[in-house]
Amino acid sequence: MIKTKFSITVFLLMSTLLYGFQVSSLDRLIVEGNSFVNEEGTTFVFRGLNASDPNKLEPQGHWDKAYFEEIKNWGANIVRLPVHPTDWTERGKESYLKLLDDGIQWATELGLYIIIDWHSIGNLKTEMYQSDRYDTTLKQTYDFWRTIASKYGDNTTVAFYEIFNEPTTYNGTLGAVTWKEWKTINKEVIGIIRANGGEGIPLVAGFNWAYDLTPVLEDPLDVEGIGYVSHPYPQKREKPWEDQWTKDWGFVKEKYPLILTEIGFCGPEDPGAHSPVISDESYGDAITAYCDEKDISYVIWVFDAEWAPRLFEDWNTYKPSRHGKYFKKKLQSYTYD
């Protein structure tokens, strides 16, 4: 067991202690109450890292097992794979699936679970987005998840399907969408996933760039076996954060599984610094303590030397950035009995 309040299975413990031995398969995860568990009922709480888009990494020569080994070395037990719709379109379905095949195999061998994330930002109802990079359609989104479910539905490494990265109306500039309408779209996707054999856990994000889950308090999705997502970057709220986090998204963990699929910070002087990620180590202390206390899973953005907040500064040494130093130390602090 890890010497914090969160638990992990014997399988993941052994995969860490016996690092270097390949694993052939991981336990299937399901939802039980407000937790992710395996079929024996052992609770999983995740501490992981976001990859950058495989379509970015592959032409740079970084989409390889060594990349996943470094993620494992940093102390992660899960990796999130963001698939940008335009990359999916430009590369082509079959070629992109080959990238995912390789990544999923490397993750399996290292005992790392996978979140596949449809990485768009905007309003899926109106099909208007924050930038052209995120352009997609309802039809493409439905077909993407049909493809993923059909291809990886019985693959236990692919534990989670993050339906849509960051829903936002961008203060109304991308058109309107109600929570009821957003629920309907997500339920449609979940139905498609399950009808096509997807056995993983769908993850549903709220509005305000996946920060705000307040509608769940009165009007949760009437679907079993799902989890909810928040991206509580530091500038979403002012200090002190904790009480506001509880009101905005933390309350969800009282009834449902919750995973923060993006957290992180960078200083105003750091490359790529932008709102809402600018902060310091006090944010790291606050968000990790909050998650440790409540057994909330989190995944840190982003294991890359260019995208921000970047976790390392160069590809040759994986030298941690300021943000990376903090989270590498934190991930590696979860020790075993």
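Where residues in the stretch 71-85 are assigned to a loop (DSSP other than H, G, I, E, B) and touching a Ser or Thr at 6+ places or on another chain (Cβ under 9 Å), which of them is farthest from residue 260 (Cα to Cα)? Filtering the stretch 71-85 for residues that are assigned to a loop (DSSP other than H, G, I, E, B) and touching a Ser or Thr at 6+ places or on another chain (Cβ under 9 Å), the one farthest from residue 260 (Cα to Cα) comes out as 84. Out of 142, 134, 170, one residue alone is open to solvent by 10 Å² or more (accessible area, probe 1.4 Å) and at positive phi. It is 170.
Given the structure, is residue 68 in contact with a strand residue (DSSP E or B) (Cβ under 8 Å, 6 or more places away or on another chain), touching a residue at least 60 places away in the same chain (Cβ under 8 Å) and closer than 23 Å to residue 262 by Cα? Spelling it out, it is not the case that residue 68 is in contact with a strand residue (DSSP E or B) (Cβ under 8 Å, 6 or more places away or on another chain), touching a residue at least 60 places away in the same chain (Cβ under 8 Å) and closer than 23 Å to residue 262 by Cα. Within the stretch 307-337, restricting attention to residues that are closer than 19 Å to residue 78 by Cα and small (Gly, Ala, Ser), the residue that is modelled with the highest pLDDT is 324. Only one of the listed residues (275, 230) is within 23 Å of residue 308 (Cα to Cα), loosely packed, with under 14 Cβ neighbours inside 10 Å, of a type in the set (S, T, N, Q) and within 20 Å of the chain's Cα centre (by Cα). That residue is 275. Residues that are without any contact (Cβ under 8 Å) to a residue 60 or more places away in the chain and either more than 24 Å from residue 141 (Cα to Cα) or touching a helix residue (DSSP H, G or I) at 6+ places or on another chain (Cβ under 6 Å) (or both): find the helices (runs of 4 or more DSSP H) completely inside the stretch 170-265 holding 1 or more of those. Per the criteria, 179-195, 242-248. Each residue in the stretch 295-329 was checked for being more than 18 Å from the chain's Cα centre (by Cα) and part of a helix (DSSP H, G or I), and 4 pass. Checking each residue of the stretch 1-18 against the condition of being modelled with pLDDT of 95 or more and within 27 Å of residue 295 (Cα to Cα) gives no match.
When 153, 103, 122 are checked against the criterion of being at positive phi, at pLDDT 95 or above and among the small types (Gly, Ala, Ser), 122 stands alone in meeting it. Counting only residues that are under 21 Å from residue 190 (Cβ atoms), open to solvent by less than 50 Å² (accessible area, probe 1.4 Å) and outside any helix (DSSP H, G or I), the stretch 89-125 holds 12 of them.
The values are calculated or read from the model by the stated rules, or taken from the named source; none is laboratory data. None of these values were measured; they are calculated from a predicted model. Cβ atoms come from the backbone with ideal geometry, glycine included; neighbour counts cover every protein chain shown. Surface areas here come from the heavy atoms of the whole protein model, side chains and all, with no ligands, DNA or RNA. Shrake-Rupley method; radii C 1.70, N 1.55, O 1.52, S 1.80 Å.
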